[in-house]
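Okay, structure first, notes after.
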Amino acid sequence: MKSRAVILVVALCALLGAGVFSWWKVRAEDAPGPAVPPSAVQVAQGPKPLGTPSAVPGAAATPSPAPQAGSPLPPLPGSLKDTEEDGAVLVDASGHLVPNADLRRFFNYYLSATGEEPASLIRERILTALRAKKLPAAAMDEAVQVLDDYLAYLEGARGLASKGSAATMDTAERLESLRKLRREHLGGAADGLFGQEEAVDAVAVERLKLMQDASLTREEREQRMAALEERLPPDVRASREEAVRPLRQQAVEQELLAGGATAEDLHQHRLSTVGPEATERLEALDAERAQWKQRLADFRAKRAALGQSEPDPARRQAAVQRLLFDSFTPEERLRVEAADSIEAASGSGGG
């Protein structure tokens, strides 16, 4: 009984995993970086950058005076105001830069303003933020080089995506093209910036192939899926397990209820699988859901009665609106509308 629930969860993970293949844009959101060497430390965060421009691929072409050396930068663009700098800049015990996905997120935080301000200004903001961190000289030089190599890679990735041959590539070919392009521009830093993401993408490609392989039995597919998960970095496996655990728990509980389990059976199952505190939270959530369903059912019954008792469409609609506003808070009214839309789309109707 549990194996069928696990298969459902694995299939859902496969669909979610396929979403990593966004070929037509370079992602600005990243998974946590690979394990940082024990000797690596994060440099102190400097103040919000205020600061000799170069080019940022794809940034707004609107001409704007480049800031003079040593002059303060203009205020942050709207998208960055009231936000905290993302990512981190790490150096090792010998004072050299540690290129990882945290550094990529640091770059991408400022690059997210692309289109709001000139390319030269975005690059200068990144350099100013790096200077504020008081990096060792070697690490600062390396950070500037990685930044410029990363910007060149982004431009190359956009050019690669625009080529006519890209349309004929399958997912694996596209990812391999990107992998090669990263090493062409970033050299050894590519493994640090993209290595974990590439490992996850490679597993997702193989998972898709397994899902599409009609020659496999259910058991064979499940075994191979499990083997693929073992190829993921340990921290990624842990986060994925944490993410799907509620889905797996819910699927098993639904099968128990479908098999005739009582409320006490479900309670004991939860105690043995998630512990007393989580069991209490789940049962409180069950009570909230039951209460919501009852309130929604009561509202729909009254709405249906108005439909029968008030022949005038305008007055009926006004009465329904009053009922809606009297029965639910503004946030709950959105839930009611969403539930009605889902039922309408499924053809079951809401009364």
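The values are calculated or read from the model by the stated rules, or taken from the named source; none is laboratory data. Just so it is clear, the structure is predicted and the values come from calculations on it, not from any experiment. Virtual Cβ from ideal backbone geometry, glycine too; neighbours counted across all protein chains shown. Protein only, heavy atoms only, side chains kept; ligands, DNA and RNA dropped before computing areas. Shrake-Rupley method; radii C 1.70, N 1.55, O 1.52, S 1.80 Å.
Side notes on the structure shown:
- Looking only at the range 301-319, and only at residues there that are assigned to a helix (DSSP H, G or I) and among the charged types (D, E, K, R), the one that is least open to solvent (accessible area, probe 1.4 Å): R303
To keep it simple, each residue is scored yes or no on (1) open to solvent by 40 Å² or more (accessible area, probe 1.4 Å); (2) over 30 Å from A202 (Cα atoms); (3) not in a helix (DSSP H, G or I).
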| residue | (1), (2), (3) |
| --- | --- |
| A214 | yes, no, yes |
| E229 | yes, no, no |
| A251 | no, no, no |
| D265 | yes, yes, no |
| A278 | no, yes, no |
| F299 | no, yes, no |
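- Single condition A190 does not satisfy, out of (1) at pLDDT below 95; (2) surrounded by fewer than 16 Cβ atoms within 10 Å (Cβ to Cβ): (2)
- Of the candidates R270, R248, the single residue that is within 30 Å of the chain's Cα centre (by Cα) and within 30 Å of A101 (Cβ to Cβ) is R248.
- Criterion violated by R224 - all others in (1) among the basic types (K, R); (2) touching an Asp or Glu at 6+ places or on another chain (Cβ under 8 Å); (3) more than 22 Å from T273 (Cα to Cα) satisfied: (2)
- Yes/no for G259 being modelled with pLDDT under 90, open to solvent by 60 Å² or more (accessible area, probe 1.4 Å) and over 32 Å from the mean Cα position of the chain (by Cα): yes
- Of the residues making up the range 311-325, those that are more than 25 Å from R335 (Cβ to Cβ) and either in contact with a Lys or Arg (Cβ under 7 Å, 6 or more places away or on another chain) or not basic (K, R) (or both) are P311, D312, P313, A314.
- Matching residues in the range 145-171 - criterion: being surrounded by fewer than 16 Cβ atoms within 10 Å (Cβ to Cβ) and among the small types (G, A, S): G159, S162, G164, S165, A166, A167
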